Amino acid sequence: MGPMSEEPTPATNGTPDPSRHGVVKVHSITFDEDTRGNSETESNKKSLWTKHGIIEPPYPPEWLLDLFEDSNALRQNVDAYATNIDSFGFRLKPVIDLDTDDADEKVADLIFMERLAAAEDATGIIPDDADLQPPTDEEVQARKEALRTAIRIERVRTENWFDFVCQEQSFVSLRMQTRIDRETGGNGYWEVVRNDLGRIAELKYVQSQTMRLLPLGDWVDTTIKVKASSVSYKALPKKQRFRRFVQIREGKTTWFKEFGDQRMMSAETGSYYTDEKLLKEKEPTARKATEIIHFKVHTPRGSYGIPRWIGNIRSVVGSRQQENTNVNHFENQTIPDLAILVEGGLLAGEATEEIKKIFKERLAGKNAMGKRVRHSVLILQALPAENAGADVDGSKVRIKIQPLAKEQQQDALYMEYDRTNRDKVGESFRLPKLLRGNVDDVNRASAWASLEFAEKQVFGPERNDFDWMIDRKILPDIDVRYHTFESRGPDLTDPVTIASVLRSLENILTPAEARRMAGAALGEELKEIDEEWTKQPIALTLAQASGADDLFGLGGASEEQDGAAAKPGGQGDGEPPKDDAADAKPKRAKKKRVDLMASAARLITLRDALAAAEGGAAAANFRVSKGENGETIIGVPAEVMETWFERNEA
């Protein structure tokens, strides 16, 4: 905000003209555009960047950062992205789950794929005479046990690596800081530091506004890692083009190379060398350049990313101007609190200045001596005007103090315009109002729907994009073969809904399945119960406990079969064995009828058991609901209840 100036009423000698009947106060209000980022230091940076041949960003990063810091709508949207995408941590997901039913098939596939990769020649062609036999069951089981041990070791090692790869903050904090940079200016950067063995030792955050890109270089020969099977890599030659990055920070210029560029480069000059020995000969004080991973919000325009809110940049600037207008209005008091009116006379020349001084002290709350003046009394004295007109009675001087509070603006200006601007900015992030901090007209149902929408349409896809980068760039570089990187998200499971589903499916789900679902809803890993009854529906267990053994005739036998087995030759006592084929057919028919009747009896028993279980559950639910409503059910014998309704015959 520009300075506030006060100009006296124009007069020939520069002093107030006593012949005038009013005092005009003129406030000259000017708005100075924020010049941060346009200082001499920034100009020097720009000249240095131009000297190095950088690609100019489509929008000045410092200017975008200034808009972000001064905006009343951007911070909450950017924070919502960083919190919901990157703050929940991650987990390492095994490539093959060895406890599933199809684990053996997957292990056999990976063994076969490894044999295919080993049989390929330098051109990637498999010879016709290659011996490609499918793995035997013994090979599959041996490899399965070896994988189980290797997966356990790699998980512990990789988790420790992520815990210590960031020295200045946690890996989650690094992700959130990079997300804020990416959503603020469209770009984010990680510095990758390697140890003497060439392995990644540290990941560092890099301020995005200090970085610039150079054009892609020439094609160079390099090698990349690709999957030979689901758990193994192979190296392939590839021609690639890499770009360089330059940073100017606190007056120092630093050069970086793109992640995966295996050439030796100087961090001081950006020059390439064949090896480190030549680098030390040419630049004794220089160090090896580290690598940069570049994150960006994609745009077809060029190599840089641009923020997703750039289409609503006028709304961002407009809201800032609206805020400044209101601040100017409140600070300068466009309409004063009161006016002092002098009729039929004039205040002495020094009286006007004294009144100004008093009111300034009142606004400050203290006078020049540091004493409070809030309860002091203002005394005004006026003299008759010597040159008053004929229509003015100079013998009567009146002083009035006229309050003007009713004429003042009672609220901020352009509030609807600002509200519309904030909604447009939020829409560019595709975020519901709830996630932007606006809880007006929000209930449980609408809040849940908003969270589900944002998770499926916004946050989930962003996590998948980040996970892909980690799986393709970081994990192969540190030789992680048995796991993939999976970012965690918020748990949107409703425990009440899960409990209702479990109750409705209690006769269908097994106890083991129900415990897994309950554990997921509660966020707890319930201890597994290794008992046979947990592997079948509870209704079936209750039916068996009530005496209905061998419900489907899997292990039982009919009475006739038992009797026949007890008699020699399969016949009754004293009867010789019969070889007549004619008698075999009716005997088989009789046995079939007996089996059908026994199966029907068993099914009826099962039906009655299920009906009893459902009836008991319904009664229990009824009693619980009545208890929740404050009602009590008391059992009364029928003969007692009849006496309550007997009529008096007399």
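Results, tabulated for the structure shown:
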item: Whichever residue in the range 498-512 is in a helix (DSSP H, G or I) and touching a helix residue (DSSP H, G or I) at 6+ places or on another chain (Cβ under 9 Å) and, among such residues, is surrounded by the fewest Cβ atoms within 10 Å (Cβ to Cβ); result: Arg503
item: Unmet criterion (only one of (1) on the phi > 0 side of the Ramachandran plot; (2) more than 30 Å from the chain's Cα centre (by Cα)) for Gly260; result: (2)
item: Subset tally (residues that are buried (at least 17 other Cβ atoms within 10 Å of the Cβ) and either out of contact with any Ser or Thr (no Cβ under 9 Å at 6 or more places or on another chain) or assigned to a helix (DSSP H, G or I) (or both)) for the range 173-198; result: 12
item: Test: residue in the range 262-281 that is open to solvent by less than 30 Å² (accessible area, probe 1.4 Å), modelled with pLDDT of 90 or more and part of a loop (DSSP other than H, G, I, E, B); result: yes
item: Wholly enclosed helices (runs of 4 or more DSSP H) of the range 398-497 bearing at least 3 residues under 30 Å from Tyr233 (Cα atoms) and open to solvent by less than 50 Å² (accessible area, probe 1.4 Å); result: 460-469
item: Test: residue in the range 462-481 that is of a type outside the set (Gly, Ala, Ser), more than 30 Å from Glu159 (Cβ to Cβ), in contact with a helix residue (DSSP H, G or I) (Cβ under 6 Å, 6 or more places away or on another chain) and in contact (Cβ under 8 Å) with a residue 12 or more places away in the chain; result: no
item: Every residue from the range 127-167 that is in a loop (DSSP other than H, G, I, E, B) and either charged (D, E, K, R) or open to solvent by less than 80 Å² (accessible area, probe 1.4 Å) (or both); result: Pro127, Asp128, Asp129, Ala130, Asp131, Leu132, Pro135, Thr136, Val165, Cys166
item: Filter result for Val231 (in contact (Cβ under 8 Å) with a residue 24 or more places away in the chain, buried (at least 19 other Cβ atoms within 10 Å of the Cβ), under 30 Å from Ala103 (Cβ atoms) and under 32 Å from the mean Cα position of the chain (by Cα)); result: yes
item: Close pairs (6 angstrom Cβ cut-off, 6 or more residues apart or separate chains): under 19 Å from Pro476 (Cβ atoms) in the range 139-155, aliphatic (A, V, I, L, M) anywhere; result: Arg155/Leu92
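Yes/no per residue for (1) at pLDDT 90 or above; (2) crowded, with 17+ Cβ neighbours inside 10 Å; (3) of a type in the set (Ser, Thr, Tyr):
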site: Leu65; (1), (2), (3): yes, yes, no
site: Arg75; (1), (2), (3): yes, no, no
site: Ile85; (1), (2), (3): yes, yes, no
site: Leu92; (1), (2), (3): yes, yes, no
site: Val95; (1), (2), (3): yes, yes, no
site: Phe112; (1), (2), (3): no, no, no
site: Asp121; (1), (2), (3): no, no, no
site: Ile125; (1), (2), (3): no, no, no
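The values are calculated or read from the model by the stated rules, or taken from the named source; none is laboratory data. Remember, predicted model here, so these are calculated numbers, not experimental data. Cβ coordinates were reconstructed from backbone atoms using ideal geometry, including for glycine residues, and neighbour counts include every protein chain displayed. Surface accessibility is based on the protein's heavy atoms, side chains included, excluding ligands, DNA and RNA. Shrake-Rupley method; radii C 1.70, N 1.55, O 1.52, S 1.80 Å.
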